[in-house]
Amino acid sequence: MILKKGFSLIELLVVIAIIAILSGFGIYWFINYKFAREVEDRTYKVYALIKKYQLWAKTKKETYCFKPESDNLKLVVEKECSSEVEKLTTAPFKVHVNSGQIKVNEFGIFTLKGSIYFKSTSGEIIDCKNQNPNIAYCCVAVSAVRVCLGKYDKTKTKKPCECSY
C-alpha cells in the first residue's frame, strides 16, 4: 500500500479562503489607520505653524495672518497680513478656517480668533468625535492667547472644536 503525503484540493482551498478573509480585514484596518494618521499629521503641522508664528510675533514685534489659499489645499502665513512668508500644504485634505482668517499681533495675542478644520475629498468636515473616534486630534482652536489641539464635533454649534487643555 502506497501512502501519499500532501494536501487535498479542498484543504488548500479552505486555507486560501481563510487567508483572503483575514487579508480583507487587514486592508480595511490599514486604510482607516492611514487616514487617521494623515489627519493627525496635518493637525499637528498646523498647530506647530501657528505656535511658531505666535512666538515670532512676540520676538520680532510683527503681525501675522493665517488663511487658506484659494484652492483650500494650503494654509498661507502672511507678514503684516499683506506679504506671504510661508505655505503649509494640507493636501489631500482641504483646510477650513471658520472665521476666514486668524491674526496674531506683535504681542503674541490673537486679535482674530477661530478654529481650523479639515475637509475630506468629499467636502465634508472631518468629525473625529463621532465619525472617526480613532483620530486623536482633527482641529486647532485659537483663542486670545492660547492655541490648542481638539476634536471636531459637528453636533456642537457654538464651539465645535473641543480642546483638551
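Of all residues in the range 137-165, those satisfying the criterion of being at pLDDT 90 or above and of a type in the set (G, A, S) are A141, S143, A144, G150.
Of the residues making up the range 39-76, those that are in contact (Cβ under 8 Å) with a residue 24 or more places away in the chain, surrounded by fewer than 17 Cβ atoms within 10 Å (Cβ to Cβ), of a type outside the set (K, R) and assigned to a helix (DSSP H, G or I) are Y44, L55. Filtering the range 115-139 to residues that are part of a strand (DSSP E or B) and farther than 26 Å from W56 by Cβ leaves K119, I125.
The set of residues in the range 84-105 being surrounded by 15 or more Cβ atoms within 10 Å (Cβ to Cβ) and among the acidic types (D, E) consists of E86 alone.
Of all residue pairs spaced 6 or more apart or on separate chains, none has beta-carbon atoms under 6 Å together with a first member in the range 126-149 that is within 25 Å of E106 (Cα to Cα) and free of Cβ contacts under 8 Å to residues at least 24 places away in the same chain and a second member that is in a loop (DSSP other than H, G, I, E, B) and of a type in the set (D, E). Residue check: Y33 meets all listed conditions (1) over 25 Å from L88 (Cβ atoms); (2) exposed (fewer than 12 other Cβ atoms within 10 Å of the Cβ) but one, namely (1). Scanning the range 100-114 finds one or more residues that are closer than 19 Å to E69 by Cα, among the small types (G, A, S) and not in a loop (DSSP other than H, G, I, E, B).
Kindly indicate whether any position in the range 81-88 is out of contact with any Leu (no Cβ under 9 Å at 6 or more places or on another chain), assigned to a strand (DSSP E or B), at pLDDT below 95 and β-branched (V, I, T). For the range 81-88, residues out of contact with any Leu (no Cβ under 9 Å at 6 or more places or on another chain), assigned to a strand (DSSP E or B), at pLDDT below 95 and β-branched (V, I, T): present.
The values are calculated or read from the model by the stated rules, or taken from the named source; none is laboratory data. Since the model is a prediction, treat every value here as computed from it, not as a measurement. Neighbour counts run over all protein chains shown; Cβ positions are idealised from the backbone, glycine included.
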